[in-house]
1. Does Ala350 count as without any contact (Cβ under 8 Å) to a residue 60 or more places away in the chain and either of a type in the set (A, V, I, L, M, F, W, C) or open to solvent by less than 30 Å² (accessible area, probe 1.4 Å) (or both)?
2. Looking only at segment 256-278, how many residues end up being touching a residue at least 60 places away in the same chain (Cβ under 8 Å), under 30 Å from the mean Cα position of the chain (by Cα) and open to solvent by less than 40 Å² (accessible area, probe 1.4 Å)?
3. Select from segment 257-309 the residues that are closer than 21 Å to Val198 by Cα, among the hydrophobic types (A, V, I, L, M, F, W, C) and out of contact with any helix residue (DSSP H, G or I) (no Cβ under 7 Å at 6 or more places or on another chain) and list them in ascending order.
4. Only one residue in Asp107, Asp111, Asp54 is within 28 Å of Ile173 (Cβ to Cβ), surrounded by fewer than 20 Cβ atoms within 10 Å (Cβ to Cβ) and in contact with a Leu (Cβ under 7 Å, 6 or more places away or on another chain), so which one is that?
5. Among the helices (runs of 4 or more DSSP H) contained in segment 66-143, which hold 1 or more residues that are more than 28 Å from the chain's Cα centre (by Cα) and in contact (Cβ under 8 Å) with a residue 24 or more places away in the chain?
6. Within segment 355-369, identify whether any single residue is of a type in the set (S, T, N, Q), within 16 Å of His298 (Cα to Cα) and not in a loop (DSSP other than H, G, I, E, B), and answer yes or no.
7. Report, by residue number, each residue of segment 7-41 that is open to solvent by less than 10 Å² (accessible area, probe 1.4 Å) and assigned to a strand (DSSP E or B).
8. Could you list, in sequence order, the residues of segment 200-254 that are of a type in the set (Gly, Ala, Ser) and over 17 Å from the mean Cα position of the chain (by Cα)?
Amino acid sequence: MNIVIFGGSFDPVHAEHIALAQAAKRQLAADKIVVVPAFVPPHKREKNMAPAEDRLAMAKLAFAGVEGAEVSAYEISAGGTSYTVRTLRHFRERFPQDELFFLVGADMLRDFYTWKQPEEILSLAQLVACGREGDPADFRAEGKRFFARFGRRFQVLSYTGKQVSSTDIRVQIAFGQEPAELPAAVFDYIEGRQLYRVGRVREALRGLKPARREHSLRVGLMAAESAARCGVSETDAILAAGMHDCAKYLDLSSPELQGFTPPAGVPAPVLHQYTGAYYAEHAFGVSDAAVLDAIRYHTSGKPEMSALGKLIFLADMLESGRDFSGIHKLRRAFYKEDSLNECMYQSLRAELRHLKQGGGAIYPLTEQAYRYYKDIR
């Protein structure tokens with residue numbers, strides 16, 4: 001038999017996972033697809049990850065209608081770090097006479113040289129790579145590099161996967177949306193188990209107008225996608241993004257702000273960052289100081305912001321719905337610059353230029369932040 005091993009965190013499993021498995025089954029004339037949710041993926045950083053048992057249950061629901069598909073609990077039952085070589089040893093023992101294929105994405109293929117015991121992996125199964133929309137994979141060049149290193153070749157699926165992000169799906173769920181990429185049974189399971197909820201984000205968003213909720217979602221998507229790169233917890237990024245505008249429409253006389261005293265000299269467009277931090281803490285139970293500070297300074301910025309604070313400031317300013325002169329250059333800097341301080345400097349400079357040209361009130365804290373990041377970038 002031809003057997004395809006398809007591993008991953010499946011956090012959560014989505015329609016593109018199913019499409020990829022079916023494409024591999026067709027092209028490789030496979031008799032069986034074994035889907036293996038990981039216990040602790042070694043390449044993942046801290047994030048809003050569902051428990052292993054729930055990811056296993058979701059995978060079983062998603063692949064229930066796929067002919068020849070089997071969802072294996074091997075890695076979850078084995079515990080520990082989910083190394084591919086250990087998993088393939090298990091399936092080689094289980095299927096000693098069969099042809100094994102191990103399915104990887106283009107990004108995993110590029111990192112394959114750093115994996116634990118890659119030579120043994122290639123002795124246990126044949127590698128099969130799949131490209132994805134938006135990923136400029138050069139399989140020809142990679143094939144030469146691969147052969148020079150291992151003296152072996154990998155196969156390439158003719159199927160190109162759609163650009164579907166599990167991170168984006170988790171953010172959408174945290175914000176109370178139903179992602180189109182999720183099988184209905186999987187979404188129902190997630191809602192029933194209340195997976196991927198982050199604090200009281202959903203509750204906070206109910207007080208916003210639809211356009212502001214959409215803005216907050218876009219901030220959450222941008223912040224969560226870049227959280228690991230910036231050394232920030234995905235959960236903290238989602239929480240701060242979801243709460244950052246929670247008091248946008250509250251007047252200072254509102255009962256919800258009883259006991260709040262605004263700082264002196266705050267321009268009206270900036271005030272909601274302070275009321276937002278107060279409201280998030282007192283109405284929605286946010287207690288993490290870094291999250292509250294990210295909310296408190298997401299419009300003005302300030303010197304010596306945390307990585308989370310910088311991330312929310314930049315995501316609020318540069319999310320995909322924003323459109324102003326120079327934003328494309330700033331977005332490129334955000335995604336390409338290694339230093340968030342450089343991005344802060346460029347973005348604060350653009351903000352101050354906009355305020356001066358438009359005659360808007362300039363908050364002294366923003367000027368202080370600009371000078372600070374100009375000096376340390």
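1. yes
2. 1
3. If the condition is that a residue be closer than 21 Å to Val198 by Cα, among the hydrophobic types (A, V, I, L, M, F, W, C) and out of contact with any helix residue (DSSP H, G or I) (no Cβ under 7 Å at 6 or more places or on another chain), then Ala289 is the only one that fits.
4. After ruling out the rest, the residue left standing is Asp54.
5. Passing ranges, in order: 84-94, 118-124.
6. Yes, segment 355-369 contains a residue that is of a type in the set (S, T, N, Q), within 16 Å of His298 (Cα to Cα) and not in a loop (DSSP other than H, G, I, E, B).
7. Ile33, Val34, Val35, Val36, Pro37
8. Hits for segment 200-254 are Ala204, Gly207, Ala211, Ala247, Ser253, Ser254.
The values are calculated or read from the model by the stated rules, or taken from the named source; none is laboratory data. Everything numeric in this text was worked out from a predicted model, so none of it was measured. Note: ideal-geometry Cβ built from the backbone for every residue, glycine included; neighbour counts use all protein chains shown. Only protein heavy atoms, including side chains, enter the accessible area calculation; ligands, DNA and RNA are left aside. Shrake-Rupley method; radii C 1.70, N 1.55, O 1.52, S 1.80 Å.
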